[in-house]
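S.K.: I'd like to ask some things about the structure below.
Read-outs: derived from the displayed coordinates by stated rules, not from any lab. These figures come from a predicted structure and were not determined experimentally. Cβ sites come from the backbone with ideal geometry, for glycine too, and all protein chains shown count toward neighbours.
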Amino acid sequence: MNLKQEVKLLNAQRKILRTGCMALRAVLRGPGGSNKAEQLTELSSALRRIYKSSLIANIEANQTIAEEAELLVGDYLGELPGLVKANSRLLETCLLAINLIDEARHHLQGNK
C-alpha cells in the first residue's frame, strides 16, 4: 500500500470512529429514557471495537512512518507529512473515544 492509500485508510478509520463517538455522545447528553442504559452499553461496546481497530491502524501507521523516515533521501518528505497528520488526528479521536467510553461507564455505574 502506498502512503496516499494509507492516509485515506486512516482518514476513513477516523470518520468511522467519530461517528461512533457522536452516537455515544448523543445518548449521554440526551434525556434519560427507559432504555438509555441499554443504548449506552451497546454503543460503548461498539465504540470499543472501533477504537481497538483504530489503535491497530495507528500502530501500523507508526511503523510505516518509522520505515519511511529511515528511507528519507535529503529533505524530500513526499507523502510522509500527510501520513503523520492523519495518524495524529486518528489518535486524537481515539482519545475522545476513551473519554466517552469512560463517561458512559461512570454513568452506568451511577445508575446501579
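S.K.: Label Glu60 and Asp102 with points 7 Å out from Cα along Cα→Cβ: what is the distance between them in nm?
M.R.: Label-label distance for Glu60 and Asp102, simple model: 2.8 nm.
S.K.: Also, quick follow-up: Taking the Kirkwood radius as the inverse of the mean 1/r across Cα pairs, report the Rg/Rh of the stretch 1-46.
M.R.: We get a ratio of 1.23 for the stretch 1-46.
S.K.: Going 7 Å from the Cα of Glu79 toward and past its Cβ, which residues in the stretch 10-43 have a backbone nitrogen under 18 Å from where you end up?
M.R.: Answer for this model: 10-15.
S.K.: Kirkwood Rh, Cα Rg: Rg to Rh for the chain?
M.R.: Radius of gyration over Kirkwood radius for the chain works out to 1.14.
S.K.: Need the full-extension length gain, Glu92 to Lys15, defined as separation in residues times 0.36 nm minus the C-alpha distance. One decimal, nm.
M.R.: 26.5 nm
S.K.: Karplus couplings for the stretch 14-22 from phi (6.51 cos²θ - 1.76 cosθ + 1.60, θ = phi - 60°), rounded to Hz, Gly and Pro as x?
M.R.: 5, 5, 4, 5, 4, 4, x, 5, 5
S.K.: Which whole-number percent gives the relative contact order of the stretch 1-100, counting Cα pairs below 8 Å spaced six or more residues apart?
M.R.: 49 percent
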